[in-house]
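Heads up: the structure comes next, in structure tokens.
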Amino acid sequence: QVQLVESGGGLVQSGGSLRLSCAVFGQPMNDYVMGWFRRSPGKEREFVAAITWTGDGTNYADSVKGRFTISRDDAKNTVQLQMNSLKSEDTAVYYCAASRGGSYYSQISYNFWGQGTQVTVSS
């Protein structure tokens, strides 16, 4: 069984930065495409970013492109999400997820999920 544990969330002012981390337990992370999703208050969970098995390919939602960076460290079995120039609309619970394949932006492609970490951006 694969377990994902997110950390790094918190309260930050608009324009600030946060770095989220997700630790993967139970299997080598390089078996999976890794993704980040988020759920804002009153909204459906949405795709944020994904990174390929080898780490040489990344994809981002248009809303975060140029501000967020996803990376992975397979030696440590962790994936990170560096979030810069944060806006109030980035306030959400952020989820880490692992996928064996399929459309990287689709939630149904992801087999395992973390519990989420809260990010709150104050204006």
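The values are calculated or read from the model by the stated rules, or taken from the named source; none is laboratory data. None of the values given here were measured: they were computed from a predicted structure. Methodologically, a virtual Cβ is constructed for each residue, glycine included, from the backbone with ideal geometry; neighbour enumeration extends over all protein chains shown. Surface areas here come from the heavy atoms of the whole protein model, side chains and all, with no ligands, DNA or RNA. Shrake-Rupley method; radii C 1.70, N 1.55, O 1.52, S 1.80 Å.
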Item checked: Filter result (more than 23 Å from S85 (Cα to Cα) and part of a loop (DSSP other than H, G, I, E, B)) within segment 1-41 -> Q1, V2, G26, Q27, P28, Y32
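For (1) touching a strand residue (DSSP E or B) at 6+ places or on another chain (Cβ under 7 Å); (2) at pLDDT below 95; (3) within 17 Å of N30 (Cα to Cα), each residue gets a yes or a no:
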site	(1), (2), (3)
T69	yes, no, no
E89	no, no, no
A92	yes, no, no
A98	yes, no, yes
F112	yes, no, yes
V119	yes, no, no
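So which residues in segment 72-86 are closer than 16 Å to Y60 by Cα and surrounded by 14 or more Cβ atoms within 10 Å (Cβ to Cβ), if there are any at all? So that I can check it myself, show each step before the final result.
Our first condition is that a residue be closer than 16 Å to Y60 by Cα; within segment 72-86, this holds for 72, 79-86.
R72, V79, Q80, L81, Q82, M83, N84, L86, listed by residue number.
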Next item on the list: Give the residues of segment 30-50 that are out of contact with any Phe, Trp or Tyr (no Cβ under 8 Å at 6 or more places or on another chain) and either surrounded by 24 or more Cβ atoms within 10 Å (Cβ to Cβ) or of a type in the set (F, W, Y) (or both), sorted by residue number.
Entry: M34
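Search segment 51-60 for residues being modelled with pLDDT of 95 or more and open to solvent by 20 Å² or more (accessible area, probe 1.4 Å), and hand back the single one that is nearest to Q118 (Cα to Cα). Steps first, please.
Narrowing segment 51-60 to residues modelled with pLDDT of 95 or more: 51, 58-60.
Then keep just the ones that are open to solvent by 20 Å² or more (accessible area, probe 1.4 Å); that gives 58-60.
Values: T58: 23, N59: 22, Y60: 20 Å.
Among those that are modelled with pLDDT of 95 or more and open to solvent by 20 Å² or more (accessible area, probe 1.4 Å), it is Y60.
Kindly evaluate A49 against the criterion of being free of Cβ contacts under 8 Å to residues at least 40 places away in the same chain and either aliphatic (A, V, I, L, M) or part of a strand (DSSP E or B) (or both).
Values: free of Cβ contacts under 8 Å to residues at least 40 places away in the same chain: yes; either aliphatic (A, V, I, L, M) or part of a strand (DSSP E or B) (or both): yes.
When the stated conditions are applied, A49 passes them.
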Check: What number goes with the only condition from (1) assigned to a loop (DSSP other than H, G, I, E, B); (2) of a type outside the set (D, E); (3) modelled with pLDDT of 95 or more that A75 does not pass?
Finding: (3)
